[in-house]
Amino acid sequence: MLALEIEWLAGVCVATRTPADGAPEWPPQPDRVFSALVASWAARGEKSMERAALEWLERLDPPCLEAADVKPRTIVTAYVPPNDAKVTDIRILPERRRRQPRQFPASVILADPGTAHLRIVWEAEPDEEHLAALQALAGETSYVGHSSALVRCRFVISAGRQGTELKPDATRSAPYPGRLAELEVLHRRHVEQADAAARPRPALLAQESGSTEGPDMPESVFGRDWIVFAHAQGQRPDLRAAAVIGRTMRAALMTTYPGPIPEWLSGHTADGKPSLDPHLAVIPLANAGYPWSDGSLMGVALVLPRALETHWAEARTPQDFEDRQAFDQALAALAEADRDGLARLKLGRWGCWEIERQGADLMPTLRPFRYCAASRIWSSLTPIALDRHPKSQGAGRFAEAAAIIAAGCPRIGLPEPARVVAHKHAAVAGAPSAWPAGGSPAWQGWARPNALAHRPLFHATLEFSKPVAGPIILGAGRFFGLGLYLPTGEGAGA
Amino acid sequence: MLTYHELLAAASTDAALRRRRRLQPAGGPGDKLFPPTYPSEEKNGPPRHVFETRRIDKQDVTCVLIDSVQSQANRLEEALLEAAKAQRIRLPRVVVEFSRSGLNSVPDISSLDAPHRIFDAILRDSLLDGMPFRESGIGERVRQAKSHDATAILEVSPTALLFGAWNSTGEGGGLGAKFARAIVSEIVGVGVPVEEVADRQGEITLRSAGRRTGSRIDPLGILRSVEVYKGEKGWDISENKAGKKAKKVRPSEINHGNIAPSVEPLGVTCDYALQVSVITLAGLRRLRFGGDGTRDAAARTYLAALGLLALAECDAQGHALRSRCDLVCEGEAPLELVRFDGSTKPIELNLDGAREIYRKAFDAASSAGFNFTDELRLEPQDKLVHIVRESQHKALSDEGGESETA
């Protein structure tokens, strides 16, 4: 067997699991390590023998992992100075430089120095040429994860588990045939065409799932590799404009999308009818759910259908690759290059919202993991637009609304909950009520596009018989950010 | 004692150099230290330290971050700059001289203390012989440098290759060359007494068992109940005289009056502080300098020597990290050469030895064809000088300035 041993020389691995959830990644997955070897190959002058060795490696079956125990370091926000100040701005001086929040999730490795902290093991043995080439690449791989996570790497031929303190761990993403070529193409676009969005996605082996999930845990049709935009500056719209934001963002993407607009983006078929398949959802990210939350709108996320996310992650054909790149180009075009790279959403009476696409370092209120973790109990943050009008009056109206909401769960791939409680008010701190007090002006209610204008809105709490994985977005307004849920109860035993 | 030739050999074949050094508070073992604080995730929550668990001598021990990787990099750069200014070493660097423009209150800013090093906006937009640096011959070469030929950066500002740099405002909207850091250093306090508390979400977090107190007794004895107004013209006892938008404030908001005592769970004691420093030789081997193997080897060995010198100079200048966080070295701390199989070999190196190796490495790199600059001096542009003067004038006239927001 071929094994790659990695020791983090300072005893700390700084790496996030995905750009979106902000949790530290441990152990680093084989596709990340493969990318590090490819970077070494490029730095060494792209030698053909080393290329052949990498192509041999990517054709192997996904490897097994043996990893040391770790404990996460407290995730805190540090403030780093950017480099975009102009010479006519006093903030170019170091002490006046504004600061941007950044986080560096890290895992402290509970193992001695001098030992391997991670072994990646393939059930194969290379010939001498491949082994020598791989060893040369490992010898110039200086970090895995953040650049401060310095490592030593070496390949060994291993007869089996070495009786070490390393424990088997799950392999979630690994290179596949064509991965090297894909990385080359993306890098070339990144550099030659100045395409900042040309970045590789994780090479998922199977559906990405939360750390607490078992293989049979129900999950919705919505993906988890969200594209997150945060409020950047200026006026911050109210959370009750969520559906307007969703509509505006979708329209903006349809404008910037190169080529024919796909159904998953527009939500309509080629003949103009509403799509029956899941499509892009645009959801608000708010300061809600904490005891002192005030419901401020912190950002917005684009949520792809889970099937599309998986399909793109595997990217087995050039068309898959091109489709994914087209979406990345549409996203990049949203930011107006002459204005500090911010995107502007014109929301009519709700103002103009200036937002900035986020990378790996996300504030807690912006992390998708917050909405995707497994839980048995879920509470609505934005009200659900019912699929039909309840016929009952009084208390019966709430019971009927609960039944309508329950029936909507299978539509997003979840089982019907064991219990649903519908209400005017949210169980999530900071979330505005589903409708304003009697006699209030219309603007105090939730703004909706015309298609949803007459749909009744209710908040609800869902209780499933067993934990389900998020995200949960329910009801007729689910693609516009209405019906967004937060996990609020017991999880799967994490 | 480590020799130049041993370092040259190691730079070609080994994984890294590493040092694990123990430190103690300047006030003696057991004295309180104040690590950096970070904002709470809760609204109006108290600031906090960064705690973690490490395995030390096969035990899981609670530790606290005393100086981060980024902060240590800044201190190592400061130590090198200090040694260069004192002319103990020759160190190529770029300096923007504000003093030549009559701005004595603004210190000269070099490529070691600008936030983005050689690619910082201040250097980019300052003038070399009347021309913006980025458009000068040297500036153009620096901008065009890549990892397969980093010669220009080595010659002008080698610390950028050691501590890492990114031409973030380079060609193509921020897709300029990136040079990963080759040195990482971090200080943690080992064996820290902590308390477990539940936060508002019910999650258990750690906080220091130490306490920090604060208070102020006003020598003027101004009472809280005294009426004061603050407006556009500053503060006054009359609302009209305070200027537009004047509102009543407490004396403490104009820095008068008492501040009630406070007690916060900040500050730590620890068994010792541990500084772990690593210079990656594998990382240095990724750098190339457009020539043959001899030239590349000389450059990489020079950078490794620069890293060792940075550690030694920083030790010599002391570890005064922040208020009430002064550390001193405890005993010797041998370097170790880390091989790819994980085995290590101890290496002896003191300050004199580090300076000697650095000199030899510098000379060897020069012999290999590198044309090091010494101190490349730039002038700030007139418009920058103007706005700095205006800001100073406004501050002195008490017209107020903008507060920085994150």
**Report entry** Estimated FRET transfer efficiency when R0 is 22 angstrom, pair A:ILE90-B:SER99 (beta carbons, to 0.05)
**Finding:** 0.75
Report task. Under a 10 Å cutoff between Cα atoms, tell me which one of B:ILE279, B:ILE56, B:ILE222 has the largest fluctuation in the Gaussian network model of chain B. Result -> B:ILE222
Report summary line: One point scatterer per Cα, no solvent, Debye formula: log10 I(q)/I(0) for region B:123-269 at q = 0.17, 0.20 Å⁻¹ comes out as -0.89, -1.17
Query raised in the report: Among A:HIS425, B:HIS256, A:HIS454, A:HIS279, what's the order by accessible area (1.4 angstrom probe), most exposed first?
Result: A:HIS454, A:HIS425, B:HIS256, A:HIS279
Requested in this report: Could you compute the FRET efficiency for A:GLN100 and B:HIS386, with r as their C-beta to C-beta distance and R0 at 41 Å, rounded to 0.05?
Outcome: 0.95
Requested in this report: Step through the residues of region A:109-123 one at a time and calculate ³J(HN,Hα) from phi using the Karplus curve (6.51 cos²θ - 1.76 cosθ + 1.60, θ = phi - 60°), rounding each to whole Hz and writing x for Gly and Pro.
Outcome: 8, 8, 8, 6, x, x, 10, 6, 9, 8, 10, 10, 10, 9, 7
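Of all GluC sites (Glu not before Pro) in region B:1-97, which ones are in loop regions per DSSP and have a Cβ with at most 16 other Cβ atoms within 10 Å?
In loop regions of region B:1-97 (DSSP not H, G, I, E or B), the sparsely surrounded GluC sites (Glu not before Pro) are B:GLU42.
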Query raised in the report: Among A:ILE412, B:ILE109, A:TRP443, whose Cα sits farthest toward the positive end of the charge dipole of the protein assembly as shown (+1 at Cβ of Lys/Arg, -1 at Cβ of Asp/Glu, about the Cα centre)?
Result: A:TRP443
Query raised in the report: In the protein assembly as shown, with Lys and Arg counted as +1 and Asp and Glu as -1 at Cβ, which of these residues, A:ILE283, A:GLN325, A:ALA10, has the Cα nearest the positive end of the dipole, that is, farthest along it?
Result: A:ILE283
Report task. Using the 2.2 N^0.38 Å rule of thumb for compact globular proteins, work out how region A:380-494 stacks up: its C-alpha Rg over that value, please. Result -> 1.03
**Report entry** At 1.306 mPa s and 10 °C, Stokes diffusion of chain A via Kirkwood alpha-carbon radius, µm² per second
**Finding:** 65
Query raised in the report: Whole-Å semi-axes of region B:285-359's equivalent ellipsoid, largest first, each the root of 5 times a Cα gyration tensor eigenvalue?
Result: 28, 16, 12
Report summary line: Debye calc, one equal point scatterer per Cα of region A:289-436, no solvent, log10 I(q)/I(0) at q = 0.08, 0.09, 0.10, 0.21 1/Å comes to -0.35, -0.44, -0.55, -1.38
Report summary line: Unit-weight point scatterers at every alpha-carbon of the protein assembly as shown, Debye formula, q = 0.04, 0.07 1/Å: log10 I(q)/I(0) is -0.20, -0.64
Query raised in the report: If r is the Cβ-Cβ distance from B:SER12 to B:ALA209 and R0 is 56 Å, what FRET efficiency results, to the nearest 0.05?
Result: 0.70
Report task. Work out how much length A:MET254 to A:ALA132 would gain on full extension: take 0.36 nm times their residue separation and subtract the Cα-Cα distance, in nm to one decimal. Result -> 39.0 nm
**Report entry** Computed lengthening from A:LYS346 to A:MET49, 0.36 nm per intervening residue step minus Cα-Cα distance
**Finding:** 101.6 nm
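Given 37 °C and 0.692 mPa s, how large is the Stokes-Einstein diffusion coefficient of region A:23-130 in µm²/s, with Rh as the Kirkwood radius over Cα pairs?
183
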**Report entry** Label point at A:GLU184 placed 7 Å out along Cα→Cβ; residues across region A:21-46 whose backbone nitrogen lies under 20 Å
**Finding:** A:31-46
Query - Subset of B:LYS146/B:LYS178; B:LYS241/B:LYS394; B:LYS85/B:LYS360 violating a 18 Å alpha-carbon distance limit - result: B:LYS241/B:LYS394; B:LYS85/B:LYS360
Query raised in the report: Put a dot 7 Å past each Cα toward the Cβ at A:LYS391 and A:ALA442; how far apart are the dots in nm?
Result: 2.9
Requested in this report: List the lysines whose Cα lies under 17 Å from the Cα of A:LYS273, skipping any in the same chain that are fewer than 8 positions away.
Outcome: none
Query raised in the report: Where nothing but the Cβ of Lys and Arg (+1) and of Asp and Glu (-1) is charged, how large is the charge dipole of chain A around its Cα centre, in debye to the nearest 20?
Result: 2340
**Report entry** Residues of region A:419-437 with amide N under 14 Å of a point placed 7 Å along Cα→Cβ from A:HIS454
**Finding:** none
Query raised in the report: About its Cα centre, what dipole magnitude does the protein assembly as shown give when the only charges are +1 on Lys and Arg Cβ and -1 on Asp and Glu Cβ, stated in debye to the nearest 20?
Result: 2640
Query raised in the report: Tell me, what are the semi-axes, in whole angstrom and largest first, of the equivalent ellipsoid of region B:182-260 as set by the roots of 5 times the Cα gyration tensor eigenvalues?
Result: 42, 18, 16
Query raised in the report: Just for the Cα atoms in region B:45-152, what are the lengths along the principal axes, largest first, rounded to whole Å?
Result: 60, 40, 37
Report task. Set Lys and Arg Cβ to +1 and Asp and Glu Cβ to -1, take the dipole of region B:1-129 about its Cα centre, and tell me which of B:SER71, B:LEU17, B:GLY45 lies farthest positive. Result -> B:LEU17
Query raised in the report: Calculated from DSSP H runs of 4 or more alone, at -39500 (n - 2.57) each and per residue, what is the 222 nm mean residue ellipticity of chain A, nearest 500?
Result: -7000 deg cm²/dmol
**Report entry** Quotient of C-alpha Rg and 2.2 N^0.38 Å, computed over chain B
**Finding:** 1.17
**Report entry** For B:VAL96, residues with placed amide H under 5 Å, excluding near neighbours
**Finding:** B:ILE109, B:SER110, B:LEU378
Query raised in the report: If all Cα-Cα distances of region A:254-315 are sorted into 10 Å bins from 0 onward, what percent lands in each bin, rounded to whole numbers?
Result: 19, 36, 27, 15, 3
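The values are calculated or read from the model by the stated rules, or taken from the named source; none is laboratory data. None of the values given here were measured: they were computed from a predicted structure. FYI the Cβ positions are ideal-geometry reconstructions off the backbone, even for glycines, and counts take in every protein chain you see. The protein model used for the area step is the full one, side chains on, heavy atoms only, and it has no ligands, DNA or RNA in it. Shrake-Rupley method; radii C 1.70, N 1.55, O 1.52, S 1.80 Å.
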